[in-house]
Amino acid sequence: MKVAVLLVLVLFAMRATSWALQWILLRLPRIGSRVAIFAGNMAAFGLFSVLVWRTLAPGEPMDTDALLFGLVVFGICATADLFWTPLKRRA
């Protein structure tokens, strides 16, 4: 049960981070929603990768399974954002 709760919390944090970055990008002039979606999810994946790297013990190899998990999650999130996101600009 604890692992499931932690997984849900990590997924929530990943999603909230990508949406927050998209929201910031959408406030910039000349940034379309597709660019904001791609850039927001890639930046959140970058932050996730840095977090994975920073939590490694000295001498421990990079956790490629965690990076693959993050890549899949942010890929799915970016695809979902193309069809629906609460942040899209209203025309």
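Tell me, please, whether a residue that is in a loop (DSSP other than H, G, I, E, B), among the small types (Gly, Ala, Ser) and exposed (fewer than 13 other Cβ atoms within 10 Å of the Cβ) can be found in segment 24-46. Walk me through how you get there before you give the answer.
Step one: list which residues in segment 24-46 are in a loop (DSSP other than H, G, I, E, B), which gives 27-32.
Still in the list and also among the small types (Gly, Ala, Ser): 32.
Narrowing further to those that are exposed (fewer than 13 other Cβ atoms within 10 Å of the Cβ): 32.
Looking for residues that are in a loop (DSSP other than H, G, I, E, B), among the small types (Gly, Ala, Ser) and exposed (fewer than 13 other Cβ atoms within 10 Å of the Cβ), one finds at least one in segment 24-46, hence yes.
What is the residue count in segment 19-48 for residues that are in contact (Cβ under 8 Å) with a residue 60 or more places away in the chain and not aliphatic (A, V, I, L, M)?
At the first step, the residues of segment 19-48 found to be in contact (Cβ under 8 Å) with a residue 60 or more places away in the chain are 19, 22-23, 26.
From what's left, not aliphatic (A, V, I, L, M): 19, 22-23.
Of the residues in that region, 3 qualify.
For residues that are surrounded by 11 or more Cβ atoms within 10 Å (Cβ to Cβ) and either without any contact (Cβ under 8 Å) to a residue 12 or more places away in the chain or touching a Ser or Thr at 6+ places or on another chain (Cβ under 8 Å) (or both), tally how many sit in segment 49-61.
Qualifying residue count for the region: 3.
For the condition within 16 Å of the chain's Cα centre (by Cα) and charged (D, E, K, R), what is the one hit in Arg34, Arg54? Talk me through it step by step, then tell me what you get.
Details: Arg54 fails: within 16 Å of the chain's Cα centre (by Cα).
Testing whether each residue is within 16 Å of the chain's Cα centre (by Cα) and charged (D, E, K, R) leaves just Arg34.
If you scan segment 62-81, which residues turn out to be surrounded by 12 or more Cβ atoms within 10 Å (Cβ to Cβ) and part of a helix (DSSP H, G or I)? Give the steps one after another, and end with the answer.
Here is the first cut: in segment 62-81, the ones surrounded by 12 or more Cβ atoms within 10 Å (Cβ to Cβ) are 63, 66-67, 69-71, 73-75, 77-78, 80-81.
Ala66, Leu67, Phe69, Gly70, Leu71, Val73, Phe74, Gly75, Cys77, Ala78, Ala80, Asp81 - these are the residues of segment 62-81 that are surrounded by 12 or more Cβ atoms within 10 Å (Cβ to Cβ) and part of a helix (DSSP H, G or I).
We did not get these values from a lab; they are worked out from the coordinates using the rules stated. Since this is a predicted model, take the numbers as computed values, not measurements. Cβ: placed from backbone, ideal geometry, glycine included. Neighbour counts: every protein chain shown.
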